[in-house]
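These notes are about the structure you will find just below.
Each reported figure results from applying straightforward, stated rules to the coordinates on display, with no laboratory input. Quick caveat, the model's predicted, so the values are computed rather than measured. Cβ sites come from the backbone with ideal geometry, for glycine too, and all protein chains shown count toward neighbours.
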Amino acid sequence: PSPPPMTPPVVNPGDVNDISQVDHTGAACMQIMTPIWTPGSVVQFSASPIENLGINFAYGKHAVLSSTFSTPAGSAAAAAAAAGSEWVHFGTGQCRDSSGSSPNHQNFDEPTSREECEVKAGTVEGATAYEWRSELSGSPALCQVYTEPVQQALAEDHHECYAVKPSGYDLLFNGGYCTTGYQGGWNETPADTAAKASLQACVDACDADPTCMYISYQADNTCSRYGFAAGECAKTDSAAEYLTFQKTATAVDPTFAASNAVDGVTDGCNTRGAVSPVGSGYWRVDLGETKNVGIIQIWKSTDIGELSNFDIMTSSVDSFEASDYDFCMANVDPPTEAYDSYECAGSSARYVMIRSEDVSTALGLCEVKVFGVSTARVTQTAQEQNPIVCGLAQGQYAAHWKVTATNGVYNYQAGFTVTMPSPPPSPPPPPPPSPSPPPPSPPPPSPSP
């Protein structure tokens, strides 16, 4: 008889409704759902097997949280850190209070340079600022050290006013303010009026708001506050009278350190992990060299942080600017179980960043593993809605597809399993033929006569 027909392979997408099995001539095929679709849209699909993944590129590598990131290279804060300074340049001019008067100060004529004046100021108890007057002013060089609050630099050539850096903040740039992310501070409320009275009052107002990440201060004018949700602060090209500060990196409890997410430990996620402060949720790992990133597996911390919708971003540039990163996945749903696998379509990158979409919660990661591109990865580009993809071998997959439509770019992801049917059993072999009967015995010999 003929062998029974082959049953089609089973594609099990679990709870995901965006991907479904298609019976397509007995091959392992799926239909990819694209609910967002306009004429001319392009679908880019990629699926990578998640079994036998190989080497975890992230294990033991250097990782940082938004609470421990390095000061951006080239910023005023980086320059101050390099010089070992705890002062910020308030402006060219005489140090003055909000009324334009000179606060209480001491005069020192021994220093012969601004740098020596700064060293001298560091020896004065309670110093809040110093002013260096050079000989180019037409008067003898002079170092003035202030012990009362200084709120502005009254414009005058050949005078430089430096103030003590406010605790918990670094000067991001001297002049200009953030172009995006404005939250408040421009005289909208009575509290804004109080916050603009001094730099420390502005700092206090930002400290009281966990979503505040930057302040742009001008004495008696504004204490503008900005949030992290709009990305890193971008400087305006003008408004030189403003000082813009960024919240300083703070020490992190080792229980919540960034390195916890690359130590290979995936149990105990309810008591440890990499946890960022509220209001600044991102984590980044340096893979050490550029890799072709294929699969990223994320374990969530359960009781010491939250993992709401997040972005997975990759870059070859050592940067914390969102504009330097490519979105592997945007606004991803967190794992429904202990962990989930996310497909990155072979992104070439050295840095992988996980960024929370919800800055009102603390980003909590238990473990992050990064794996390379598999030779069994299946890719397809189509220009039709709900395309069919074939050619999948047996195994578990993470899939990622991007729809580039005329009204935007939309990302989807799903996990699924392909189970190939067992081949039908072979028919039993025919029985061996019966043995031939033995030949007849020869007749007995005739008797002798």
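Hey, with R₀ at 22 Å, roughly what FRET efficiency would TRP37 and THR379 work out to, going by the Cβ-Cβ distance, to 0.05?
E between TRP37 and THR379, to the nearest 0.05, is 0.65.
How would you order 119-128, 189-198 from highest to lowest mean count of nearby Cβ atoms within 10 Å?
189-198, 119-128
What is the list of residues in the stretch 28-67 whose amide nitrogen lies under 20 Å from a point 7 angstrom out from the Cα of THR406, following Cα to Cβ?
Hits in the stretch 28-67 for THR406 at 20 Å: 34-44.
Starting from the 7 Å offset along Cα-to-Cβ, what nm value, one decimal, do you get for the label separation of ASP286 and ASP207?
3.1
Would you please give the residues with an amide H less than 5 Å from that of THR34, counting only those at least 5 places away or on a separate chain, with H modeled from the backbone geometry?
Here the answer is ASN386, since their amide H atoms fall under 5 Å of that of THR34.
Stretched out fully, how many nm does the piece from THR179 to GLN394 gain, at 0.36 nm a residue minus the Cα gap?
72.3 nm
What are the residues whose amide H is under 5 Å from the amide H of LYS235, where those residues sit 5 or more places off or on another chain and H is modelled from the backbone?
Answer set, sorted by chain and number: none.
Could the peptides 170-180, 433-443 be put in order, highest first, of the mean number of other beta-carbon atoms found within 10 Å of their residues?
170-180, 433-443
Taking 7 Å along the Cα-to-C-beta vector as the label spot, tell me the ALA194-TYR59 distance in nanometres, rounded to one decimal.
Using points 7 Å along Cα→Cβ, the separation is 5.4 nm.
How long is the gain from LEU136 to ASN386 if the chain were fully straight, where each residue apart is worth 0.36 nm and the alpha carbon distance is subtracted?
82.6 nm
Which number do you get for Rg(Cα) / (2.2 N^0.38 Å) in the stretch 89-161?
Normalised by 2.2 N^0.38 Å, the Cα Rg of the stretch 89-161 equals 0.98.
In terms of modelled amide H atoms, which long-range or inter-chain residues lie less than 5 Å from the amide H of THR266?
Long-range HN contacts for THR266: none found.
Mind checking the full-extension length gain between ASP333 and ASN187? Use 0.36 nm per residue of separation minus the Cα-Cα distance, one decimal, nm.
Gain on stretching ASP333 to ASN187: 48.7 nm.
In whole Hz, with x marking every Gly and Pro, tabulate ³J(HN,Hα) for the stretch 402-415 from phi via Karplus 6.51 cos²θ - 1.76 cosθ + 1.60, θ = phi - 60°.
Going residue by residue, I get 10, 9, 9, 10, 5, 10, x, 10, 10, 10, 9, 8, 7, x Hz, with x marking Gly and Pro.
Write down the Å³ per residue value for the convex hull defined by the alpha carbon atoms of the stretch 134-183.
Convex hull of Cα atoms, per residue: 134 Å³.
Compare the peptides 40-53, 132-145 by average per-residue count of other Cβ atoms within 10 angstrom and give them in order, highest first.
Top of the packing list down: 40-53, 132-145.
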